[in-house]
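Working notes, structure below.
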Amino acid sequence: MKDEALQIAIVDDDPAVRDALGTIFELEGFRVRSYADGDRFLAEAQHDPTDCVLLDVHMPKRSGIEILEALSGFAYPAPIFIISGQGDIPMAVSAIKAGAHDFSRNRSTPTRSSLASGRPSRRGAGASRRCPVRGCAGTSRGSNP
C-alpha cells in the first residue's frame, strides 16, 4: 500500500507567506492547501479536515483567534499552530486558551529537526509520516532526508 502524504492547511492573507511555506512543505513531501482567509478555510475544514493547520492571527474579516474558536466549536481533529509577525504574550495566551497547539511570534519555517518530531497521527499506527511542525499529530517520516 502506498504511503499517503500528510496534508497541511496554510491560512494566511499574505500571498508571499502562503507561497513560501507551501513550497517548503511540498518539497518535504507534504500536500498543501492554502487559503487567503479564514472563512474559506472554515468552509472546507468542517467537511474535509487536514492533518495540521498553520493559521495567521491577523487577517481581514475574522482574526485567526476567531477562526480557532470556530474550529473548536466542531472539535477540529488536527493540531492548529498560530503564526504571527506581531504577536504578544496576551495574544499567545488567548490562542492557547482557545485551543491552539502552539503560538509562534514569527513566521519562521520549520527546521529539519522539527520535521523529524511529532506524535502518532489520527490516521492510525500504520502511518509512516510526521507532521512538519514540532508536536504535531503526524507519525514517523521514515529515513528519507
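Bear in mind these aren't lab numbers, they're just calculated from the coordinates by the rules spelled out. What you see is a predicted model, and the numbers here were worked out from it, not measured in a lab. FYI the Cβ positions are ideal-geometry reconstructions off the backbone, even for glycines, and counts take in every protein chain you see.
Quick notes on this structure:
- Computed FRET value (nearest 0.05) for ASP19 with ASP102, which takes r as the C-beta separation and R₀ as 22 Å: 0.45
- Charge dipole (the range 7-115, unit charges on Cβ, about Cα centre) - positive-most of ALA16, GLY73, SER84: SER84
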